[in-house]
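Below is one structure, written out as structure tokens; comments come after it.
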Amino acid sequence: MTDIEYMRKAIALAKNGIGFVNPNPLVGAVIVKNHKIIGEGWHEKFGEAHAERNALKNCTESPEGAEIYVTLEPCCHHGKNPPCTEALIEAGIKKVYIGSDDPNPLVAGKGIRQLQEAGIEVIKGVCKEECDRLNRIFFHYITTRTPYCMIKIAMTADGKTATRAGLSKWITGEESRRHVHELRKQFAAIMCGIGTVLADDPTLTCRIENPSNPIRIVCDTHLQIPIDSKIVHTAKEVPTYIAASCIDERKAAALEKFGVKILEVPEQDGHVKLRSLMRRLGNLEIDSVLLEGGSALHEAAFRAGIVQHMQVYIAPKIFGGVSAKPAVGGIGVMHVEEAYKLSTPEIRQYGNDVLLDYDILEG
């Protein structure tokens, strides 16, 4: 196997931690000795051992003199676990191949220096682009202390997310909907607006094998959420936050009895101030938000500048109608040059639906 193949094996291992390690990064490690893999590991759960230590623990023979391929620069500080650099040095590892540099100020090159000072050879940048993409959530959160935000939209070929009667089940096919549940597992939280709750009464859970349900957040400026909604009645099973600006104390107390937590957030233009909400969520160590909000919340999120990524599922259907809901509502931009800019999309197909995967460009 080549260096690239070993690192891609480490990347595949890292993905086993999706949904379980937030707000930590996804990390995989492969230990190789005499051109043979002798140990593998990944960061399995927040607060538990890191990938390097798991790989060392799983070695089938002594790792002394071996090489390790790790998707992220090994940590060098004491947190919930001791430094991985110490473990690699003590194990007698002779060479470390690294995919991504760690932007965490507690690491940021210090891990590499510790290894080099101990006489270990370090090779950086193996499959760097793939390793960086693996941890785009962690990199954004650790440098901004606000959640990485992705908008998910399911729409018809003419850009509608519901008929003129407000009906939206189902625009996309089963394969797309199954992929959405896999997507939900990748995020610490899923957020919608009160309009979505009133129209659809969703559960916003992750319905796949080995699920990791994201925290649920509802933007509900005037605390309108019905007490008998599915979200409220399952709040003791899945952590649930209501972000509101106008707090009815009696309603809040009733919701809290069901396990709902109320976040009081400043109001802006008649709605929850999203930038303030993102800062609150970051302080709660919520590193990522999947926004399935409805057209008004989508537009507000773009206008607030909180969106980093967008996935659009397009079904081969036409709804038509001026009053049918668009994917992004609100007042919109006035001039063409004010449009929110997107990257060239990655394009995939799920059944008869097409998925367009965009990064949001600054400026």
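Listed by chain and number, the lysines whose C-alpha is less than 20 Å from the C-alpha of Lys45, apart from same-chain residues fewer than 8 away, are Lys9, Lys15, Lys57, Lys80, Lys185.
In debye to the nearest 20, how big a dipole does the chain give about its Cα centre with +1 on each Lys and Arg Cβ and -1 on each Asp and Glu Cβ? Can you show the working numbers first?
Numbers: 43 positive and 46 negative charges, 119 e Å.
The dipole magnitude comes to about 580 debye.
In the chain, carbon and sulfur make up what percent of the accessible area (probe 1.4 Å)? Of the solvent-accessible surface of the chain, carbon and sulfur hold 50 percent.
Taking one quarter of the surface of the convex hull spanned by the alpha-carbon atoms of the range 55-198 gives a direction-averaged projected area of 12.7 nm².
Expressed as an acute angle from 0 to 90° and rounded to the nearest 10, what is the orientation of the C-alpha long axis of helix 3-14 relative to the principal long axis of the chain? Tilt relative to the chain: about 50 degrees. Once you sort the root eigenvalues of the Cα gyration tensor of the range 281-344 as a ≥ b ≥ c, which label holds: rounded (a/c under 1.5), prolate (a/b larger than b/c) or oblate (the other case)? Here the range 281-344 falls in the prolate category.
Put simply, the amide H of Ile215, placed in the peptide plane, has neighbours under 5 Å in Ala189, Ile190, leaving out anything fewer than 5 places away on its chain.
Tell me whether the range 219-363 comes out rounded, prolate or oblate; compute the Cα gyration tensor, take square roots of the eigenvalues as a ≥ b ≥ c, and use a/c under 1.5 as the rounded threshold.
Values: a/c = 1.83, a/b = 1.60, b/c = 1.14.
Cα axes put the range 219-363 in the prolate bin.
Excluding ligands, DNA and RNA, the accessible surface per residue across the range 156-252 is 47 Å² with a 1.4 Å probe. Checking every one of the trypsin sites (Lys or Arg not before Pro) in the range 165-259 against DSSP loop status and a limit of 15 other Cβ atoms within 10 Å picks out Lys169, Arg207, Lys236.
What whole-number value in Å² describes the accessible area per residue of the range 37-102 for a 1.4 Å probe? Write down the numbers at each step before the final one.
Numbers: 2610 Å² over 66 residues.
Accessible area per residue, the range 37-102: 40 Å².
Extents of the range 135-201, largest first, come to 43, 27, 22 Å (Cα atoms, principal axes, whole angstrom).
Relative to the longest principal axis of the Cα atoms of the chain, the long axis of helix 174-185 lies at roughly 60 degrees.
Placing unit charges on the Cβ atoms only, positive for Lys and Arg and negative for Asp and Glu, gives the range 70-174 a dipole magnitude near 480 debye about its Cα centre.
Binning the alpha carbon pair distances of the chain at 20 angstrom intervals from zero yields the distribution 27, 51, 21, 1, expressed in whole percent. The GluC sites (Glu not before Pro) of the range 136-215 that meet both conditions, a loop assignment by DSSP and at most 16 other Cβ atoms within 10 Å of the site Cβ, are Glu209. Counted over the chain, the DSSP beta bridges are approximately 40% antiparallel. Calculated from the alpha-carbon coordinates, the range 1-130 shows an Rg and a Dmax of 12.9, 36 Å respectively.
The values are calculated or read from the model by the stated rules, or taken from the named source; none is laboratory data. None of the values given here were measured: they were computed from a predicted structure. Cβ sites come from the backbone with ideal geometry, for glycine too, and all protein chains shown count toward neighbours. Only protein heavy atoms, including side chains, enter the accessible area calculation; ligands, DNA and RNA are left aside. Shrake-Rupley method; radii C 1.70, N 1.55, O 1.52, S 1.80 Å.
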